[in-house]
């Protein structure tokens, strides 16, 4: 049932893009943890933005291995991301946000925090931007904020080297 729901979300998003006559946005259903590198090997242009928005938290310790953001995915993203390209991560679960942040922070050789580049992106306690720099909220973010949850966000930019 969950897989069908996810596929329907991707199809619904494709319909919205088509209605808006946007030609450079595409959605697909895949397990990014294992498929990202292969998918990107067929991508024809420079990858400029990757956003990981409220991934399934897999809260139980025995299920942490199922979390989307793991070292192999981070490495694949950085291999595919163009110099100057950005990565935006967001979660409403602090533990998940911290895990994602730690994995991307480990790659300071290739990444820098956007808030250190763009001073208009202010951070609050803990280094999490208090405002959504993309100014687009997902349904999950809207629902979580409505319920009083905090949203943890982080921007990265690949160094120009």
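Note on the chain: with a GNM built from Cα contacts shorter than 10 Å, the maximum mean-square fluctuation among 32, 82, 21 falls on 21. DSSP finds beta bridges in the range 25-158, and of those with both partners inside it, around 60 percent are antiparallel.
Of (1) 110; (2) 142; (3) 131, which is the value of volume of the Cα convex hull per residue in Å³ derived from the coordinates here? Computed from these coordinates, volume of the Cα convex hull per residue in Å³ corresponds to label (2). Of all the options 28, 103, 49, the one that moves most in a Gaussian network model of the chain with Cα springs shorter than 10 angstrom is 28.
Binning all Cα-Cα separations of the range 1-93 at 5 Å, short to long from zero, yields these whole-percent fractions: 2, 11, 18, 23, 23, 14, 6, 2, 0. Each Cα pair under 8 Å and six or more residues apart adds its sequence gap; the mean of these over the residue count of the chain is a relative contact order of 24 percent. In a Gaussian network model over the chain where Cα atoms closer than 10 Å are linked, find which of 140, 16, 107 has the largest mean-square fluctuation. Taking springs between Cα atoms under 10 Å, the residue moving most is 16.
Values in this text are rule-based calculations from the coordinates and carry no lab data. All values reported here derive from a predicted model rather than from experimental measurement.
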